[in-house]
Amino acid sequence: MTSVTEPSRTKAVADPGHGEAFTDHMILMDWSETGGWTRPEVAPLEDFSVHPGMIGLHYGQVAFEGLKAHRRTDGSVAAFRPRDHARRFQRSTRRLAMPELPEQAFVDAIGLLLGLDQDSLSDDPAHSIYLRPLMFATDVSLMLRPSRTYRFALMAFVAGGFFGDDVETVNVWISHEHARAFPGGTGDVKIAGNYAPTFLAQRQAEAAGCQQAIWLDAEEHRYIEEMGGMNMFLVRGSGPGAEVVTPELTGTLLPGVTRDTVLKLAERLGYLPRTERVSLDQWRAECADGTVSEVFACGTAAVVTPVVGVRDTVGGDWTIGDGGAGPVSLALRRALVDLHHGELADPEGWLHVCRPAR
Ligand SMILES: *Cc1c(COP(=O)(O)O)cnc(C)c1O
């Protein structure tokens, strides 16, 4: 096992990539049937020692979340929509027969970690702290049954932009061979087992010069769903009244907090937010006749990232709009970034300020 050494941590904080510039601490809580959740313990971020026969390792009884905290222009650090992430974490763990962490305990753990580690975050507005709550089954047993003990661990790393610090554009690759999620499955929750099965398609996408794979519905392989770590939007038209469209939640898409935020920001900016089932054929045709002028991916990690090209080995490749970032995508991205930094009104109370621990 490798851990992040001090010199590499300092370098990584100055020049964050994505996923390795961990901050100094973690928050731990343990659960048992008799005792419930323990009080949160602050620990230095260091290796765990686990038994090789731990249920979480073998049967994937593991759920997680991902949310960010940003430095606002007034210098304070605020987590974005932690209560919504807490509730999604509860849904994910419930789906895997795991105990729920109370919403307040989730939010308090985030406040505790950000209180200790917020100095890792520079004033660079492109940087943020990505928080990773994790719950895993700790019983030592190879019996095929749910664990009776669990550990919650909250860790964080300093993140730059997911695709680099500037607004980069991406190309996407349609996965016709595999499926990410199916009705009655687990595609609508954030559990560890959903991700490794997408790595092969991600590799195929990269081999084709793309940054992300697009997943189609598993039953008909006809409708566009999401990107396996980000939701997607199409834009019809530009300027006020433009339709900002995202595939509807059919139970096989992960209900992104960013997706929900973008739908609400779209309304505030005078666009028409819509959720629809969109087929791959319709998407292609609407790009060809100019109805769809922009496409973007969104997620906690990706923020809003314009999609400019599609590689489809079955129906043929195409370019979206003029092949560059479009105005509606950029306006939504700007609004989201301004909201994160406290520069846009926050009527919903989405920002959760975490004071430094002193
Ligand atoms: C986390 C995730 C997203 C994005 O969700 P956010 O809450 O916006 O970060 C989209 N799809 C999948 C499969 C995810 O795991």
Determine the gain in length on full extension of the stretch Trp37-Thr319; use 0.36 nm per residue of separation and subtract their C-alpha separation, reporting nm with one decimal. 96.4 nm
So what J values fall out for segment 331-347 if you push phi through Karplus, 6.51 cos²θ - 1.76 cosθ + 1.60 with θ = phi - 60°, rounded to Hz, Gly and Pro as x? 5, 5, 4, 4, 4, 5, 5, 5, 4, 4, 9, x, 9, 10, 3, 10, x
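Are there GluC sites (Glu not before Pro) in segment 121-219 that DSSP marks as loop and that have at most 16 other Cβ atoms within 10 Å, and which are they?
Those satisfying the criteria are Glu168, Glu177, Glu219.
Would you mind classifying segment 205-358 by shape? Square roots of the alpha carbon gyration tensor eigenvalues, ordered a ≥ b ≥ c; an a/c under 1.5 is rounded, otherwise it is prolate if a/b is larger than b/c and oblate if not. Let's see the in-between values first.
Numbers: a/c = 1.88, a/b = 1.57, b/c = 1.19.
It is prolate, given that a/c is not under 1.5 and a/b is the larger ratio.
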222 nm [θ] for the chain, helices only, -39500 (n - 2.57) per DSSP H run of 4+, per residue, to 500? -7500 deg cm²/dmol
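With a Förster radius of 25 Å, plug the Cβ-Cβ distance of His58 and Glu20 into 1/(1 + (r/R0)^6) and report the FRET value to the nearest 0.05.
Details: r = 26 Å, r/R0 = 1.06.
In this case the efficiency is close to 0.40.
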Using DSSP to call loops (not H, G, I, E or B), can you name the trypsin sites (Lys or Arg not before Pro) in segment 116-190 whose Cβ has at most 16 other Cβ atoms within 10 angstrom? Arg148
Quick tally, 1.4 Å probe accessible area for Lys68, Lys264, sorted with the most first, runs Lys264, Lys68
Pairwise label distance in nanometres, Ala288 with Arg72, each label 7 Å out on the Cα-Cβ vector: 5.0
Compute the label zone of Leu142 within segment 28-54: residues whose backbone N is under 16 Å from the point 7 Å along Cα-to-Cβ. 51-54
If R0 is 45 Å, what FRET efficiency do you get for Glu219 and Asp123 from their C-beta distance, rounded to 0.05? 0.40
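Using a probe radius of 1.4 Å on heavy atoms only, what accessible surface per residue do you get for segment 170-340? Whole Å² is fine. If you can, show how the numbers build up before the last one.
Working: 6510 Å² over 171 residues.
Heavy-atom accessible area per residue stands at 38 Å².
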Between the alpha-carbon centers of segment 173-226 and segment 138-161, tell me the distance in whole angstrom. 24
For Lys68, other-chain or 5+-apart residues with amide H closer than 5 Å (H placed, Pro excluded) are Phe80, Leu131
The long-range amide H neighbours of Gly187, using H built 1.01 Å from N in the peptide plane and a cut-off of under 5 Å, are Phe182
Which far-off residues, 5 or more places away or on another chain, put their amide H under 5 Å from the one on Ala21, with H placed in the peptide plane? Val158
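Between Ala97 and Arg268, what is 0.36 nm times their sequence separation minus the Cα-Cα distance? Round to one decimal in nm. It would help to have the intermediate numbers written out before the result.
On the way: separation 171, 0.36 × 171 = 61.56 nm, distance 3.87 nm.
Here the answer is 57.7 nm.
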If you average the sequence gap of Cα pairs under 8 Å that are 6 or more apart and divide by the length of segment 170-340, what percent do you get for the contact order? 23
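Which of the chymotrypsin sites (Phe, Trp or Tyr not before Pro) found in segment 173-206 are loop residues per DSSP with 12 or fewer other Cβ atoms within 10 Å of their Cβ? Display every interim value, and only then the final one.
Details: sites: Trp173, Tyr195, Phe199; in loops: Tyr195.
Nothing satisfies the criteria.
The values are calculated or read from the model by the stated rules, or taken from the named source; none is laboratory data. Since the model is a prediction, treat every value here as computed from it, not as a measurement. Methodologically, a virtual Cβ is constructed for each residue, glycine included, from the backbone with ideal geometry; neighbour enumeration extends over all protein chains shown. Ligands, DNA and RNA are stripped out before the accessible areas are found, and what is left, the full protein with its side chains, is counted by its heavy atoms. Shrake-Rupley method; radii C 1.70, N 1.55, O 1.52, S 1.80 Å.
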